[in-house]
Amino acid sequence: MQKVIKRDGRRTAYDRNKIVSAIQKANDEVESSEKISEDKIYNILASIENRGYEEMAVEDIQDIIEQKLMAEKKFVLAKTYIIYRYNRELVRKANTTDDSILALIGNTNKDVMEENSNKNAVIASTQRDLIAGEVSRDLTKRLLLPEKISKAHEDGILHFHDSDYYLQPIFNCCLINISDMLDNGTVINGKLIESPKSFQVACTVTTQIIASVASSQYGGQSVDIRHLGKYLRKSRDKYTKHYLEKYGSEMDPKLIEQFVNDRVYDELKSGVQTIQYQINTLMTTNGQSPFVTLFLNIDENDEYADEVALIVQEILRQRIEGIKNEKGVYVTPAFPKLIYVLDEHNCLKGGKYDYITKMAVQCSAKRMYPDYISAKKMRENYEGEVFSCMGCRSFLSNWKDENGNFKWEGRFNQGVVSLNLPQIGIISGQDEEKFWPLLEERLSLCFEALMCRHRALEGVLSDVSPIHWQYGAIARLDKGEKIDKLLHNGYSTISLGYIGLYEVTKLVKGVSHTDPKGTDFALRVMKRLRQACDSWKANTGLGFGLYGTPAESLCYRFARIDKEKFGSIEDVTDKGYYTNSYHVDVREKIDAFSKFTFESQFQNISSGGAISYVEIPNMRHNIEALEELVKFIYDNIQYAEFNTKSDYCHECGFDGEIIVNEDGEWECPQCHNKDHSKMNVTRRTCGYLGENFWNVGKTKEISSRVLHI
């Protein structure tokens, strides 16, 4: 036997002396008649080692020892060993966070420090949140979750997301009901904020709401910008009234209109600038800027559509310009994320708002955002509805109010558990008869884990986050009222994520899921995952959804665990990562149009969250190609994003190849910036651009934290 599997999932070298020592300690505490001889101790060792296992769980080893002692009729000794084992378990259940917390303070706990690229783990406010997270993670693993769920997480069977926040009665992500909060007022920190009378004030209030919401949940949030349209109209009406009352009898109406337009544009520019600067300079209680997405949807049926178009245009203009860093250089801000909706009037086919889409494409080329949602495809998948995903890119399931009207804003996600598909394929091999029963077992585990998420929120009082539950972001419950009615009947969602459809297809069918033989299997797997979510929803009344998450470091965590457990497997664990959700592996030669076409068939199955990426070489110089892709997105895929293969330095704006210097550090050849968080570098081993996922310290390899498509 080579390895012992510890209770926390770690694998350590087998050490027979530890077993001998444990039995001898029990031997020392019993009468001589109860002692076991040294020869028999080594016989017990032999019975363990001769089983021929490569690795064994520590609990299984201890069970064998107890059975052998009982077989020798050493009942008192067996009882003493059991007590010794129990006491050791109590020691293990004592606080185990000391090392990880001290490593955080000493800036050496890289796993935690690099887990979220949007957090600066060096500053005190972020460390405070991370320290609290380590305590929560520890208590979750040892005490709060059932042992089999904790063990499944440690073994990489599943991933229990955000265990660093599980201790608290908070949820994942949401769509803020910003319309209700602006129109009817809200309360922040015990202070009444009335409905704004102008666009500038509406923008300021919106950012205050965003910051307050972000401080009381752990995931992203989305805001639909169209609700600001009426406030831009209010500003216009205010200026029109002012100029008419003061100069109406003296000035040409066209001149008055020009004055009004100038004042409105000044306020529009200032209001959008307020949103951008506030979001990027505010810091929430978890030590980062609010994780927020702005939904840019120009609805022609909206009476304020023209105002919304002006707002969207100005948001894109300012994003193209960028925001100045500490050295005064315009750089790409991390937030807010932008999602631009393509519809008949702006899909570059001669529509009224095509000029705004052309600006969106220029913005994508220079700043990587916005993402694109096809209203056409979304209506096909969601009964004619168009709405934003939440900040974490998960989508809500359909829900109608008592009047039969769809409701999207003011809803939220309770939490996420993700399934490691490749591990099932590794264990079953190319034997579907083994694969499907094992998938069922692991889906059952995922269901139990997701129900833990749900039960942790049941009974929570609205007082824990007034901005969410009492003052409109989600609801307007009474003080002291339980939030339970918002957890049931599909109002909120619970998400089943999944990693590695490509790899599991390769393992079971021997081909990529892009091969027709593999596609059939991959679709059957996806449909079974969706069916599981649908049946859970039918049986419990809860809003389960299948979520193809961006996943970030999880693609690497699962691959790392499986490589340690099963060794290097060609085109699976040897890569160091698994492909995210249903995506085509980055190493397959496939053009952007074919990739979108292929992946689109999985998006309507993965209705709880789906996004597809393509890479465009030298994107800043490929505007025409991007425009063709945008047209294609509208007709063919619901949700898509562009990435590029160009290196880029945010410190000075250098658009070329970042070099590796003599010290093994990435360095901009123009400004000599070495700060990894301020540059994008092509991952040349696979050709994928990662954004701000870096190792700390000197290395010639790009971090495994780079997000794979």
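The values are calculated or read from the model by the stated rules, or taken from the named source; none is laboratory data. In this text, all values refer to a predicted model and were calculated from it rather than measured experimentally. Please note: Cβ atoms are built from the backbone with ideal geometry, for glycine as well, and neighbour counts cover all protein chains shown. Ligands, DNA and RNA are excluded from the accessible area calculation, which covers all protein heavy atoms including side chains. Shrake-Rupley method; radii C 1.70, N 1.55, O 1.52, S 1.80 Å.
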Just name the residue that is farthest from residue 217 (Cα to Cα) out of those in region 133-151 that are among the charged types (D, E, K, R) and open to solvent by less than 40 Å² (accessible area, probe 1.4 Å). 142
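Check region 388-400 and report whether any residue there is of a type outside the set (Lys, Arg) and open to solvent by 30 Å² or more (accessible area, probe 1.4 Å).
The answer is yes, given that some residue of region 388-400 is of a type outside the set (Lys, Arg) and open to solvent by 30 Å² or more (accessible area, probe 1.4 Å).
Do you know which of the residues in region 377-387 that are more than 19 Å from residue 296 (Cβ to Cβ) and touching a residue at least 40 places away in the same chain (Cβ under 8 Å) is surrounded by the most Cβ atoms within 10 Å (Cβ to Cβ)?
Going residue by residue through region 377-387, those that are more than 19 Å from residue 296 (Cβ to Cβ) are 380-381, 383-384.
The next check asks that each one be touching a residue at least 40 places away in the same chain (Cβ under 8 Å); those that pass are 380-381.
Working: 380: 12, 381: 18.
Across region 377-387, the extreme among qualifying residues is 381.
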From the set of residues in region 587-617 that are hydrophobic (A, V, I, L, M, F, W, C) and assigned to a helix (DSSP H, G or I), which is most open to solvent (accessible area, probe 1.4 Å)? 593
I'd like to know if region 584-594 contains one or more residues that are modelled with pLDDT under 90 and in contact with a His (Cβ under 7 Å, 6 or more places away or on another chain). yes
Residue 680 out of contact with any Lys or Arg (no Cβ under 9 Å at 6 or more places or on another chain) and modelled with pLDDT of 60 or more: yes
Total residues in region 159-204, condition outside any loop (DSSP other than H, G, I, E, B), open to solvent by 10 Å² or more (accessible area, probe 1.4 Å) and not charged (D, E, K, R): 12
Qualifying positions in region 213-270 - of a type in the set (Asp, Glu) and under 15 Å from residue 203 (Cα atoms): 224, 266, 267
Hey, does region 669-677 have a residue that's among the charged types (D, E, K, R), part of a loop (DSSP other than H, G, I, E, B), modelled with pLDDT of 70 or more and farther than 24 Å from residue 358 by Cα? yes
Residue list for region 297-336, filter: in contact (Cβ under 8 Å) with a residue 24 or more places away in the chain and more than 21 Å from residue 353 (Cα to Cα): 322, 323, 325, 327, 329, 330, 331, 332, 333, 334, 335, 336
Given (1) open to solvent by 20 Å² or more (accessible area, probe 1.4 Å); (2) assigned to a helix (DSSP H, G or I); (3) within 25 Å of residue 147 (Cα to Cα); (4) of a type in the set (Phe, Trp, Tyr), number of the condition residue 81 does not satisfy: (1)
In contact (Cβ under 8 Å) with a residue 24 or more places away in the chain and touching a His at 6+ places or on another chain (Cβ under 6 Å): is that true of residue 499 in this structure? no
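Residues checked against (1) at pLDDT below 90; (2) over 23 Å from residue 265 (Cα atoms); (3) assigned to a strand (DSSP E or B):
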{"site": "284", "(1), (2), (3)": "yes, yes, no"}
{"site": "294", "(1), (2), (3)": "no, no, yes"}
{"site": "313", "(1), (2), (3)": "no, no, no"}
{"site": "327", "(1), (2), (3)": "yes, yes, no"}
{"site": "340", "(1), (2), (3)": "no, no, yes"}
{"site": "345", "(1), (2), (3)": "no, yes, no"}
Check whether at least one residue in region 242-249 is free of Cβ contacts under 8 Å to residues at least 12 places away in the same chain, open to solvent by 10 Å² or more (accessible area, probe 1.4 Å) and outside any helix (DSSP H, G or I), and report yes or no. yes
If you go through region 25-42 one residue at a time, how many are loosely packed, with under 14 Cβ neighbours inside 10 Å, part of a helix (DSSP H, G or I) and not hydroxyl-bearing (Ser, Thr, Tyr)? 3
Can you pull out every residue in region 281-304 that is over 24 Å from residue 197 (Cβ atoms), of a type outside the set (D, E, K, R) and open to solvent by 40 Å² or more (accessible area, probe 1.4 Å)? 281, 283, 285, 291, 301
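Go through 428, 418, 495 for me and flag whichever is farther than 29 Å from residue 597 by Cα and among the polar types (S, T, N, Q).
Numbers: 418 fails: farther than 29 Å from residue 597 by Cα; 495 fails: farther than 29 Å from residue 597 by Cα.
Going through 428, 418, 495 in turn, the sole match is 428.
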